[in-house]
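Here is the structure we will look at, set down as structure tokens.
The values are calculated or read from the model by the stated rules, or taken from the named source; none is laboratory data. Here the structure is a predicted model, which means the values were calculated and not measured. Cβ: placed from backbone, ideal geometry, glycine included. Neighbour counts: every protein chain shown. Just the protein is used for accessible areas: all its heavy atoms, side chains included, with ligands, DNA and RNA removed. Shrake-Rupley method; radii C 1.70, N 1.55, O 1.52, S 1.80 Å.
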Amino acid sequence: MFLAIDVGNSDGHCGLFREDGALVKTWRWSVRKACQKDEYSVMMTGFLSTVGCGLGDIEGVIIASVVPSVERPLSDFCRDDVGCLPCYVSYKMAGVPVLAVDHPSMVGADRLANAKALVEAGRLPALAIDCGTATTFDVVDGEGHYRGGAIAPGFGVSMHALVGSTALLSPVSFEGCGMPPVVGRNTEDALRSGLYWGYIGLIEGILRRVRQHYSDLLVVGCGGYGDFLTHACSGLIERYDAHLTLRGLCHLYKAQTDTKT
């Protein structure tokens, strides 16, 4: 078995895979405070124990990270406690789709994994909308080439930027509220409306423009806010896949092992 680890700016997402690519279990944790090597050891040991596994059962690790500060302690954990060196996703690695962009080295590891997952899903052209700390739009054309996309502030970032720049607004919760009214009758609902429907407008606006270049486009939502935001875009977003990035990492990991053999 092997671990696929996706480290974002706010959350970490880890998946345990069998060698045949079957996903056994996933876990999430906060990366707002960078963990030390021993903390990763304790955390991962706890995760694996929930499915009756231990660190000794892990034969390899692949990591997509957009947070450089976590890479050293993660590497130390893999070397000392798992007994292997992790494979970090890179634009140069085997299995990465053709990167038809100006600067391939600047494409984020999570976006490379999402593009790989879209290619392996087999229906192209396709676009992944990853709703996390940032919201990224990534396009793969009909030939399986990665064409780039767009990067926007994430939903949570937008809210905190707004309330942090105003004297009389406070953060609001969306739990249990459903879709907010478009016309809010109080400050909290007005803020919910602007944040939610404004963000839906951003997603729909970019999608409409991308579709002008790619017909019959498959659109897949993913990321921590993806399920919450894509409900209102059901006519434009075909499905939500909470594990799209991990599936891409699985395919990239298998490409590395196939290259070695």
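Remark: region 112-261 carries a charge dipole of roughly 160 debye about the Cα centre, counting +1 on each Lys and Arg Cβ and -1 on each Asp and Glu Cβ. All other residues whose Cβ lies under 10 angstrom from that of Gly224 are scored, Lys and Arg at +1 and Asp and Glu at -1, for a net of -2. Between the beta carbons of Arg72 and Arg239, assuming R0 = 41 Å, the FRET efficiency works out to 0.65 to the nearest 0.05.
Based on the Stokes-Einstein relation at 10 °C and a viscosity of 1.306 mPa s, and on the Kirkwood radius from alpha carbon pairs, the chain is assigned a translational diffusion coefficient of 82 µm²/s. Would you mind classifying region 123-261 by shape? Square roots of the alpha carbon gyration tensor eigenvalues, ordered a ≥ b ≥ c; an a/c under 1.5 is rounded, otherwise it is prolate if a/b is larger than b/c and oblate if not. Judged from the Cα gyration tensor, region 123-261 comes out prolate (a/c at least 1.5, a/b above b/c).
Close lysine pairs were tallied over the chain: pairs 8 or more places apart or on different chains with Cα atoms under 26 Å apart number 10.
Apolar share of the accessible surface for region 169-261: 50 percent from carbon plus sulfur atoms, 1.4 Å probe. For the peptides 204-213, 75-84, the ranking by packing is 75-84, 204-213, with the highest mean count of neighbouring Cβ atoms within 10 Å listed first.
Computed from point charges on the beta carbon alone (+1 for Lys and Arg, -1 for Asp and Glu), the dipole magnitude for region 195-261 about its Cα centre is near 180 Debye. Antiparallel beta bridges, as assigned by DSSP with both residues in the chain, represent about 60 percent of the total such bridges. A crude spin-label estimate for the pair Asp216 and Val42, with each label 7 Å from Cα along the Cβ direction, gives 5.4 nm.
Helical runs (DSSP H, four residues minimum) scored at -39500 (n - 2.57) apiece and divided by the length of the chain put the mean residue ellipticity at 222 nm at -11000 deg cm²/dmol.
Under the convention that each Lys and Arg Cβ holds +1 and each Asp and Glu Cβ holds -1, the size of the dipole of region 16-133 around its Cα centre is about 320 debye. Averaging the sequence gap over all C-alpha pairs within less than 8 Å and six or more residues apart, then dividing by the number of residues, gives region 12-140 a relative contact order of 15 percent.
Between the C-alpha center of region 153-168 and that of region 83-107 there is a gap of 33 Å.
Based on Cα contacts under 8 Å between residues 6+ apart, the chain shows a relative contact order of 18 percent.
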